[in-house]
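The values are calculated or read from the model by the stated rules, or taken from the named source; none is laboratory data. Everything quoted here is computed from the prediction, not taken from an experiment. We place every Cβ from the backbone using ideal geometry, glycine too, and count neighbours over all the protein chains shown. For the accessible areas, the whole protein counts, side chains as well, though only heavy atoms, and no ligand, DNA or RNA atoms are used. Shrake-Rupley method; radii C 1.70, N 1.55, O 1.52, S 1.80 Å.
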Amino acid sequence: MIETGNDDSEVGAAGEVSRYQIHPDVWKAYSETANYRDTEAATVVARRHWAWLASRFQDKTGRLPSDLDMYVMWNTGLGYYSRKGFLPAQLAGSVRERAQRFVNLVNRKG
């Protein structure tokens, strides 16, 4: 919602597709359809990728990922966060700020 407002036709600067801003190469790992505007397909792909990231994170760190951890991996990739030792303090300031904005939105009381 931060970037797309839940618009499945949105395409990011690096070619990310759907409301979840998933790179097409990642999408192809989870789905045979290339209909990036299909809300159901996008949700299935996003859930599968989210679960994969969470599982890899737990395998590498021995703990469950926080909302901040998930945001960082979703937006920068598992490799970037791994190279930073899965430590928020090691992240680029801009990444840390966007991740904190996400966490604030998740925790916002309606």
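Here's the picture: a label point sits 7 Å out from the Cα of ARG63 along the beta-carbon direction, and within the stretch 85-110 the residues with their amide nitrogen under 14 Å of it are 85-90. Each peptide in 88-95, 52-59 gets a packing score, the mean of other Cβ atoms within 10 Å over its residues, and the list from highest to lowest is 52-59, 88-95. Across the accessible surface of the chain, with the other protein chains kept in place and a 1.4 Å probe, carbon and sulfur atoms take up 48 percent. Ranked by the mean number of other Cβ atoms within 10 Å of their residues, highest first, the peptides 62-69, 41-48, 17-24 come out as 17-24, 41-48, 62-69.
Each residue, ALA13 and ARG83, gets one label point 7 Å from its Cα in the Cβ direction; the gap between the two is 1.8 nm.
Counting only alpha carbon atoms, the long axis of helix 93-107 and the longest principal axis of the chain meet at about 70°. Residue ranking by accessible heavy-atom surface, 1.4 Å probe, largest first, among VAL106, VAL11 comes out as VAL11, VAL106. Within 13 Å, Cβ to Cβ, of ARG63, how many net charges do the neighbouring residues add up to if Lys/Arg are +1 and Asp/Glu are -1? With Lys, Arg at +1 and Asp, Glu at -1, the net is 0.
Computed with a 1.4 Å probe over protein heavy atoms only, the accessible surface of the chain comes to 62 Å² per residue.
Normalised Debye scattering of the chain at q = 0.12, 0.19, 0.21 Å⁻¹ gives log10 I(q)/I(0) of -0.43, -1.05, -1.23, counting only Cα atoms as equal scatterers and leaving out solvent.
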